[in-house]
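The structure appears right after this line, and notes come after that.
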Amino acid sequence: MANLESAVKAAWSAINRERSYATELTQKLVRIPSVNPKFVNDPAQNREGVLQDLVGSELSSIGMSIDRWDVLPDRPNVIGQIAGSEERSLLLCGHIDTVPIGERSAWTVDPFGGQIRDGKLYGRGAVDMKSGVAAAIGAVRGIRAAGIELQGRIAIHSVVDEETGGFGAIDAVKRGHLAKAAIITEPSWGEIQVCEGGVEWIRITITGRQGHAAWRYNEIWPQRDQPDRLRPAVNAIDIAARFLDALRNFESSRCRNRQHPLLPPGWNTINASTMRAGAGLGPDGLPLVMTNPAIIPDVAVIDLDYNFLPTQTKEEIRSEFEQFVHHFCQQDLWLQENPIKVEWELGGLHFPPINTPPDHPLAQSLLKRRTQLDGKPKISGVIFVTDAAHYAGAGVDAVICGASGDGLHGLDEYVDIASLEETTKTLAAAIIDWCGVR
């Protein structure tokens, strides 16, 4: 224990000697636009490769071996590591892709300028989450500068494509880049976040029967069922309206009856995010005609964002939801013969939950060290999803700990510089606690 405490003090002293390092590195990273090209295809803004050149250089400068590969064309992951025991191995992960800036004229600062004002560093990605990558590098840099040799293997993962599903981290996991534990350096506003709900993207496809809108009365008004009666159409939007009403009741029941002590009550929602309806089903799974009101639509496609609790499994929630859909269909003669189709992992997206125990040694280390640095941390859960999910899904004990700020996914994004400096020192101490020293 004495060895650890003296090592922590030495690392903190080394970080203090280069106190502005994490801030200056964050500035450099913000000034290299790395907007995810799935949102905006613009070579001037899609410079992830250039940014990863800088990250790789910084990792090499502190003695880390580098593994770099393209997850997607010109979109590389970079992983740096220092060898050590696998039993005490630890990885720190941050993503370098960002969401778009939106309307540039609405910003009061240059979104790629890295301007510092009133203790805040502004720019797209400042808090989400280039500062997290900088803090991780700064922490290991401080440990190395203090001459500390770690027992456990330490790795830093700088990954792409988190903003559209975490496919950079997913690819790192598939390639075996794992550890016993992980710290995801997403912003956590002084908290130590040990749990995260899972997320599924689901596509619901409702099939009706197409017809001319002039004959809608034949569908909804009582008719003599005689030989010359035209075959009634079945309006898929009508079914979708009834389905959404039933879904809301199902959602309310889930939120009311199942909760998690570290997440807000009612967090486990089901968001109906997009709905497209019309005539004919195209090869892309969407209606072919959506511009002709004279057609009774035979297709309605609803995409859902489905949140589930850290204590639930994907098998459990999939079975529960499919039973709900089945029972809904059984109440309608048409749907009995033409059941609603449920498609899981829309776009390849699935976020497993994480449920690291609050008394886990890594969580307790982060709590202790952040408190020593005059913070007032608490153990909590995170309400959005992070790359922690993909490591946890592979059996890695994951915790989220990062800086504070505001404007993420909005205007005038910034990271609080004091929190960035404190996070760098907290991470360094937790690395020493977990990995141990030689």
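Observations on the structure shown:
- About its Cα centre, the dipole of the range 171-221 is roughly 340 debye, where the only charges are +1 on Lys and Arg Cβ and -1 on Asp and Glu Cβ.
- At R0 = 45 Å, FRET efficiency that the Cβ-Cβ distance of Ser85 and Thr108 yields, to 0.05: 0.40
- Centre-to-centre, using Cα atoms only, the range 360-438 and the range 190-261 are separated by 41 Å.
- The angle separating the long axis of helix 131-145 from the principal Cα axis of greatest extent in the chain is about 30 degrees.
- Normalising the average separation of contacting C-alpha pairs (under 8 angstrom, six or more residues apart) by the number of residues puts the relative contact order of the range 285-438 at 19 percent.
- Ranked by the mean number of other Cβ atoms within 10 Å of their residues, highest first, the peptides 131-138, 86-93, 154-161 come out as 131-138, 154-161, 86-93.
- As a proxy for reagent exposure, ranking Asp74, Asp374, Asp412 by other Cβ atoms within 10 Å from fewest up yields Asp374, Asp74, Asp412.
- C-alpha long axis of helix 361-372 to longest principal axis of the chain, angle in °: 60 degrees
- Cross-link reach is defined here as a Cα-Cα straight distance under 16 Å, omitting same-chain residues fewer than 8 places apart; for Lys368 the lysines meeting it are Lys9, Lys376, Lys378, Lys425.
- In terms of the mean number of neighbouring beta-carbon atoms within 10 Å, the peptides 183-193, 345-355 order highest first as 183-193, 345-355.
- Extended-chain gain in nm, criterion 0.36 nm per residue less alpha-carbon gap, Ala246 and Phe39: 71.2 nm
- Set against the labelled values [x] 1.03; [y] 1.08; [z] 1.10, Rg/Rh (Cα atoms, Kirkwood Rh) computed from this structure falls on [y].
- Lys, Arg +1 and Asp, Glu -1 on Cβ, resulting dipole of the chain about Cα centre, debye, nearest 20: 560 debye
- At full extension, Gln223 and Met290 could sit 21.2 nm farther apart than now, given 0.36 nm per residue minus the alpha carbon distance.
- Choice from Lys130, Lys376, Lys425 showing the highest fluctuation, given a GNM over the chain with Cα pairs closer than 10 Å: Lys376
- Taking Cα centre as origin and charging only the Cβ of basic (Lys, Arg, +1) and acidic (Asp, Glu, -1) residues, the dipole magnitude of the range 375-438 rounds to 340 debye.
- 16 Å Cα-Cα reach of Lys28 towards lysines, excluding residues that sit fewer than 8 places from it in its own chain: Lys120, Lys130
- Seen against the Cα atoms of the chain and their longest principal axis, helix 417-435 is set at about 80 degrees.
Where a number appears in this text, it was derived from the coordinates with a stated rule and is not lab data. Owing to the predicted nature of the structure, the values given are computational and were not obtained by experimental measurement. Quick reminder, even Gly has a Cβ in these numbers, built from the backbone with ideal geometry, and neighbours come from all protein chains shown.
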